[in-house]
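Data first, discussion second: the structure below is written as structure tokens.
Please treat every number below as a calculation from the coordinates, not as lab data. Bear in mind that the values here come from a model prediction, so they are computed numbers and not experimental data. Every residue, glycine as well, gets a Cβ built from its backbone with ideal geometry; the counts of neighbours run over all protein chains shown.
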Amino acid sequence: MAHSVVMPELGESVTEGTITQWLKSVGDTVAVDEPLLEVSTDKVDTEVPSPVAGVLLEIKAQEDDTIDVGEVIAIIGDADEAPAEQPAQPAQQAAPAPAAEEKPAQSAQPAQSADAADATDVVMPELGESVTEGTITQWLKSVGDTVAVDEPLLEVSTDKVDTEVPSPVAGTILEILAAEDDTVDVGDVIVRIGTPGAAPTQQAAPTETQAPAEQPAQPAQQAAPAPAAEEKPAQSAQPAQSADAADATDVVMPELGESVTEGTITQWLKSVGDTVAVDEPLLEVSTDKVDTEVPSPVAGTILEILAAEDDTVDVGDVIVRIGTPGAAPTQQAAPTETQAPAEQPAQPAQQAAPAPAAEEKPAQSAQPAQSADAADATDVVMPELGESVTEGTITQWLKSVGDTVAVDEPLLEVSTDKVDTEVPSPVAGTILEILAAEDDTVDVGDVIVRIGTPGAAPTQQAAPTETQAPAEQPAQPAQQAAPAPAAEEKPAQSAQPAQQPEKVNNGNVPYVTPLVRKLAEKHGVDLSTVEGTGVGGRIRKQDVLAAANGADTGSATDSQSKSNAQAADPRANWSTKSVDPAKAELIGTTQKVNRIREITAAKMVEALQISAQLTHLQEVDVTKIAELRKQHKPAFQQKHGVNLTYLPFFVKATVEALISHPNVNASYNAETKEMTYHSDVNVAIAVDTPRGLLTPVIHKAQDLSLVDIAKAIVELADKARNNKLKPNDLTGATFTVTNIGSEGALSDTPILVPPQAGILGTAAIQKRPVVVTEDGVDAIAIRQMCYLPFTYDHQVVDGADAGRFTATIKDRLETANFEAELEL
């Protein structure tokens, strides 16, 4: 049975990938998770593994081709199979048939040709980056046992983790191909699973068992919904589900990182009855390592939600059931308009189902005859532009009513208290109606613009003129630049006259964020008199605070007013350095912490309880590095596109020292009394984000140059602050570097997180008088000095080893022969 392999989504907002190299050719046999090709995007270069086992029948995209996410790039199936059979197969199907036929040597069944389609070869999975093998510690199932999807099959131990391996399919265990205590390479077959009826035929004389032939059309995530419906009748309102069960797929809680066993549902993005497309976000999940969205593995209608918000669900447990649009009404109250959901799968996630919305909120859309046109229009809502962001202010519309837009073409600019950004169009079409004007502050999820086909525009804005007039007027002035209606719309905003000179006097003055505007109103600062120090002359909050607290107006009257204001407000002379004014709202409140703070609190306490931590302090003279950086910083920025900070030098020196001192790049297992010396140096970099402390990982840092490390630090920090980290970005660290000097700290006692054995802090660099010796003569000189606190686990590292490790780092930094590594 043939299977279409599509270009996967290789990161948030990544819409296409360029094929750099095919690793397999037509006719090659591939196993599940075996690399097929190498793909490059604007964010990552990576290998794409095969989602199924079989023979590569056809390659549909060539090297150097740029392919959109979701487009078919290859066909995998049986060697004698025609590619024409491919469209019926879902992307998630594990194509069991080819696997059994490819490797007859692994099965002692002489006549397997008839039954091969009923068996799936389960391979040893990759249980972590750089893990190439696993040891089977215990089989949890035996030959003849029946297993469900994601039910644990066996326990496996690697040098990084002990874990259970779940079954990727439902069926009966036909054959176990590796014994307990065997060490098996990743990708090798360990067990064969088939249908219950096929079990005896696989081990004896095979017969023509036709029943299982219907199962390959069901995706890997399907956990036999018909029996599930019988076992849990209370969860399903379908009295006669025998016909619909084959159209339903059970979606389970995915594994969101190595050693992650559960996830907490923070928010459902879809409801029962909603139609979803493949890879459309279903819900948001939080684990102790990452907050992320979970996409739908299949297209269809949400029939049942089996876990509520704030529920903590084990990996592999069913959380939602998705089926065909025709199956959805059986779970609801038999609605009459059954055709509306059927037309919606082609509409993106941002679509808020305009037809039902018109029925629920007649005040916003009083179009009584919209049934024909609703399918041609998409409501675009204010997106969530960051965790805890609940609203956004529209700073500028980039398109007008009647304009044609493409997918991902910018529609408008939005400002929040955390970010200023463009909002792209989720669909292609014509702008039919703009529902929010510039400077409007709109809640996340509210509709801001309606996009549809050009022919649908008149019907969307015509017929209901009597009741629609009040709703349409606020949206019209924004596109016609009529200042009088704008003034009528917001008579209560007394600050408008003060803002107009800023826009009129200089059209190049960038938009002022709501936070800055609020701060200016609070301190009585006229923004038209403030010179912005941000990019492009943008006025930042620091500029407003400086104008409020230290600006000399050059007038005796103003000076007197300022003195009076300072006398009236005792806080006027308080320091505002490193102060976030928004946090003043926290005073006197009790609030539930976010997931990152909750996990940080638990992990830090646990770390101190299970490891023997102490801190060693080393002082380093970084004068030569400071001079080198000052000399080459502009050229480095111009050639490599990133700012040359001190941190890459510290990280590079640390990586080299970890290779030279492998006993520090190690982990101790107290249960087995074993020490693991890691082959890779995976350095975590502590990043301060608005949501809390995150430590994304630079993997295989020993293979990176100084330039590569500098770029990796910038990329990971940007992803962390913009909530774009993937689970793999936060796992696998063997050592951590934290820049405690970013806010001027001279020293610290960082807390390491086991199983890491150490964490290095880089303190503030300061000019200090020190004694230097040249040619046997002592002298006092001004040098650039820095402390390096190194916290280590005394279970792994002794004090003398810690001293030798930091001495190596100190020597590398003070020698400072990095000039050639700048690659200028």
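Tell me the net charge near V714. Cut-off is 12 Å between Cβ atoms, V714 excluded, with +1 for each Lys or Arg and -1 for each Asp or Glu.
0
Given C-alpha coordinates of the stretch 391-451, what is the ratio Rg to Rh with the Kirkwood estimate of Rh?
Radius of gyration over Kirkwood radius for the stretch 391-451 works out to 0.94.
Which of the residue pairs K399/K583; K43/K141; K639/K700 have a Cα-Cα distance greater than 30 Å in the structure shown?
Table pairs above 30 Å Cα-Cα are K399/K583; K43/K141.
Suppose each label sits 7 Å from its Cα in the direction of the beta carbon; what would the L269-R804 distance come out to in nanometres?
That separation, rounded to one decimal, is 5.1 nm.
Pulled fully out, how much extra length does the chain show between D688 and S25, if you take 0.36 nm times their separation in residues and subtract their Cα-Cα distance?
Net length gain for the segment: 234.1 nm.
Quick one: if you stick a label point 7 Å off each Cα along the C-beta vector at T749 and Q638, how many nm between them?
4.8
Residues of the stretch 584-620 with amide nitrogen under 14 Å from the 7 Å Cα-to-Cβ point of V770?
What the label zone holds, given the 14 Å backbone N cut-off, is 618-620.
Could you give the length gained on full extension between S660 and D446, defined as 0.36 nm per residue of separation minus the Cα-Cα distance, in nm?
Gain in length upon complete extension: 71.4 nm.
Starting from the Cα of E814, move 7 Å in the Cα-to-Cβ direction to define the label point; list residues of the stretch 605-638 whose amide nitrogen is under 11 Å from there.
619-623
Give me the distance in nm between label points sitting 7 Å out from Cα along the Cα-to-Cβ direction at D310 and T15, one decimal.
It works out to 3.8 nm between the two label points.
Quote the Stokes-Einstein diffusion coefficient, in whole µm² s⁻¹, for the stretch 262-316, based on the Kirkwood radius over alpha carbon pairs, a temperature of 37 °C and a viscosity of 0.692 mPa s.
285
What length, rounded to one decimal in nm, is gained on full extension from K60 through to I587, with 0.36 nm per residue of separation minus their alpha-carbon distance?
This chain segment gains 183.7 nm when fully extended.
Consider a paramagnetic label point 7 Å from the Cα of K630 along Cα→Cβ; state which residues of the stretch 771-788 have an amide N under 19 Å from it.
771-772, 780-787
Could you list log10 I(q)/I(0) for the stretch 611-821 at q = 0.17, 0.18 Å⁻¹, which the Debye formula gives when each Cα is one point scatterer?
The Cα Debye sum returns log10 ratios of -1.24, -1.38.
Add +1 for every Lys or Arg and -1 for every Asp or Glu among the other residues with Cβ under 9 Å from the Cβ of W139, and state the total.
It works out to a net charge of -1.
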